[in-house]
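**Q** What follows is a structure written as structure tokens; I'll ask about it next.
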Amino acid sequence: MAERLDFMALALAEAESAGARGEVPIGAVIALDGAVIASAGNRTRELNDPTAHAEVLAIRAACERLGSERLPGAHLYVTLEPCAMCAAAISFARVERLYYGAADPKGGGVDHGGRFFDQPTCHHRPDVYSGFSETRAAALLKDFFNERR
């Protein structure tokens, strides 16, 4: 359990960095064999790219590092429940386990919304664990949006 929390702490740091850049504060870390192989925070505004979510950027970096389009055995730690787009990327990359912090009833695609991994067209479903550092992850998002209202 401590190992997951350490990786989630790194994801939270990525989220804080994203928020400091004016991005929605979401961070992701990918670990393989107990070591971080990629990390990222949201960069949609910076890159003018609606697909530049933390999860997608981390998956791209991990795949590039490993020289493969698949990440078998990899564990993804993300501060917010992935959207449907990110859930699809997680599935296509064959990520073994997904750990996420805060639930996203409005935009989530794992335990809310379309529940991508539960669809018959989903070819790979990672093991999913939710609620890791949930309070801190939710507070980052709440504070970010309160400052902008």
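**Q** Would a scan of region 10-28 turn up a residue that is in a strand (DSSP E or B) and surrounded by fewer than 16 Cβ atoms within 10 Å (Cβ to Cβ)?
**A** So the first thing to find is which residues in region 10-28 are in a strand (DSSP E or B), and the list is 27-28.
Keeping just the survivors that are surrounded by fewer than 16 Cβ atoms within 10 Å (Cβ to Cβ) gives none.
So far as region 10-28 goes, no, none of its residues is in a strand (DSSP E or B) and surrounded by fewer than 16 Cβ atoms within 10 Å (Cβ to Cβ).
**Q** Being free of Cβ contacts under 8 Å to residues at least 12 places away in the same chain and acidic (Asp, Glu) is the filter here, so list the residues in region 52-67 that pass it.
**A** Answer for region 52-67, where residues must be free of Cβ contacts under 8 Å to residues at least 12 places away in the same chain and acidic (Asp, Glu): just Glu64.
**Q** Hey, another quick one. For Arg4, which of the numbered conditions (1) at pLDDT 95 or above; (2) in a helix (DSSP H, G or I); (3) touching a Phe, Trp or Tyr at 6+ places or on another chain (Cβ under 7 Å) fails to hold?
**A** Answer for Arg4: the failing condition is (1).
**Q** Show the residue pairs meeting these rules: Cβ distance below 8 Å; 6+ apart or different chains; first residue within region 129-149 and in contact (Cβ under 8 Å) with a residue 40 or more places away in the chain; second residue surrounded by 11 or more Cβ atoms within 10 Å (Cβ to Cβ) and among the basic types (Lys, Arg).
**A** As it stands, the answer is Tyr129/Arg4; Tyr129/Arg97; Phe132/Arg4, since those pairs meet every condition given.
The values are calculated or read from the model by the stated rules, or taken from the named source; none is laboratory data. Note that this is a predicted model, so its numbers are computed, not measured. Cβ: placed from backbone, ideal geometry, glycine included. Neighbour counts: every protein chain shown.
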